[in-house]
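Report on the structure given below.
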Amino acid sequence: MSIEQFHPDVVAFLKESPVKMIINGEKVPALSGQSFTCYNPSDGSVLTEIAKGGAEDVDRAVTAARTAAIKWAIMAPAPRERILRRFGDLIEKHKIELAQLESIDNGKPLKHTMAIDSMVAADQVYFNSAWPSRLIGETLPVSIPNMFVYTRREPVGVVALIIPWNYPLIHSMQKVAPALATGNTVILKPASVASLACLKLGEIALEAGIPAGVFNVITGPGGVIGEAIAAHPHIDKVQITGSTEVGRRIIFNSAVNIKRISLELGSKAPDCIFADANLDEAIPGAFIAAFGNTGQSCVAGCRLYIESPVYDKVVAGFLDLAKKAQLGHALDMKTERHREPRLELIICPPLFLLT
């Protein structure tokens, strides 16, 4: 599928090669001048070049975020809510463009990104946009005379968010939206193999009126940028969705200023089908759990335990569904499941017998 078949705004976005990072309210190249190639996993074609950031780019993003944090943290709730609602509106307005960028970047079928990913991203912003005027402290009774004691909620400061490749739109807004709503400034590091939709979100944030430095997007190798983020003394919190190995590195490097950290170190989950299950629902449910997004989900049911009396029937049902699944290009609306041609791998769950 040629680039001319993409949405016109997607074509224009890709032709800005190399696609720039968002730092301090501007689209900027990497200070090194380097870039890396972005491929379409559906057919292996080259989509564009993307700025290849480094530790020095993390430094300038942190400087911008710390400067912006002073005004963003004290902005009154109502104007912050208006900006975030406008951000959600613009994500919804650009939903086709965002869906296509995600589909051509990580291979997810377009009907999935159109119906789920782009709209859930907008909904995440809408939901969290209400929080600024609803975050309250407490007044506390004390036994010391003439004392008035209260608590208040304050922003953490500069928050760095590192997300994986499988749900760029949803993962980013799931984390960025609450961070912004509560007065923090954000540095977002998307996966190198799926950065396009996140870069577009950074542009949309500027269009929505989010002040310069409040929302920054840095692209490049995770080993370099992730290390710089975790070890940076002026980043107050790091949240990562990734592997256990990377989580260990974040913990180790965060000791420089004893950062707050949140680690979602993904695992996969087993499904169990017992003999008394409604197989007409259990078989397709387990199939979708295993093969949805080609199994590239934090909660994918990549193992299936089956009670022995229904083992043969369940396996036969899985095989039938597998034969009917429509594999194809991500932008083909008939495509139900995608695969990764660079690896030539179709994920298949192992089946275990329960006696």
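Tabulated data for the structure shown
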read-out: Condition check for G213: over 15 Å from the mean Cα position of the chain (by Cα), more than 24 Å from A73 (Cα to Cα) and outside the structural domain of V299 (by TED's automatic domain parsing); value: no
read-out: Residues satisfying the stated conditions in the range 159-190, i.e. among the polar types (S, T, N, Q) and part of a strand (DSSP E or B); value: T185
read-out: Test: K189 is within 20 Å of K259 (Cβ to Cβ) and among the charged types (D, E, K, R); value: yes
read-out: Residue in the range 195-202 that is in a loop (DSSP other than H, G, I, E, B), surrounded by 18 or more Cβ atoms within 10 Å (Cβ to Cβ) and modelled with pLDDT of 95 or more present; value: yes
read-out: Members of the range 265-320 found to be among the aliphatic types (A, V, I, L, M) and under 30 Å from the mean Cα position of the chain (by Cα), listed by number; value: L265, A269, A282, I283, A286, I288, A289, A290, V299, A300, L304
read-out: Where a residue in the range 252-279 is farther than 30 Å from E307 by Cα and its partner, wherever it lies, is assigned to a loop (DSSP other than H, G, I, E, B), with Cβ under 6 Å and at least six apart; value: V256/P233; N257/P233
read-out: Matching entry among K27, K108, K15, K52 (being touching a residue at least 60 places away in the same chain (Cβ under 8 Å), under 28 Å from A330 (Cβ atoms) and surrounded by fewer than 18 Cβ atoms within 10 Å (Cβ to Cβ)); value: K27
read-out: The listed residue being more than 25 Å from C198 (Cβ to Cβ), assigned by TED's automatic domain parsing to the domain that holds K52 and part of a helix (DSSP H, G or I), out of A289, A282, A255, A230; value: A255
read-out: Test for V299: is it modelled with pLDDT of 85 or more and under 25 Å from A194 (Cα atoms); value: no
read-out: Residue satisfying condition, being in contact with a helix residue (DSSP H, G or I) (Cβ under 7 Å, 6 or more places away or on another chain), surrounded by fewer than 22 Cβ atoms within 10 Å (Cβ to Cβ) and not aliphatic (A, V, I, L, M), within set P155, P168, P141, P164; value: P155
read-out: So R153, is it assigned by TED's automatic domain parsing to the domain that holds V246, closer than 20 Å to V186 by Cα and assigned to a loop (DSSP other than H, G, I, E, B); value: yes
read-out: Residue in the range 150-159 that is within 30 Å of N293 (Cβ to Cβ) and of a type in the set (G, A, S) present; value: no
read-out: Residue check, P190 closer than 23 Å to T37 by Cβ, touching a residue at least 12 places away in the same chain (Cβ under 8 Å), touching a strand residue (DSSP E or B) at 6+ places or on another chain (Cβ under 9 Å) and not small (G, A, S); value: yes
read-out: Residue in the range 231-248 that is farther than 16 Å from D57 by Cβ, free of Cβ contacts under 8 Å to residues at least 60 places away in the same chain and either basic (K, R) or crowded, with 23+ Cβ neighbours inside 10 Å (or both) present; value: yes
read-out: Residue satisfying all of: in the range 249-265; basic (K, R) and touching a helix residue (DSSP H, G or I) at 6+ places or on another chain (Cβ under 8 Å); surrounded by the most Cβ atoms within 10 Å (Cβ to Cβ) among these; value: K259
read-out: Test: G25 is at pLDDT 95 or above and under 27 Å from A208 (Cα atoms); value: yes
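The values are calculated or read from the model by the stated rules, or taken from the named source; none is laboratory data. Predicted, not measured: the structure shown is a model, and the values here were computed from it. Counting neighbours? That spans all protein chains shown, and the Cβs are built from the backbone with ideal geometry, glycine included.
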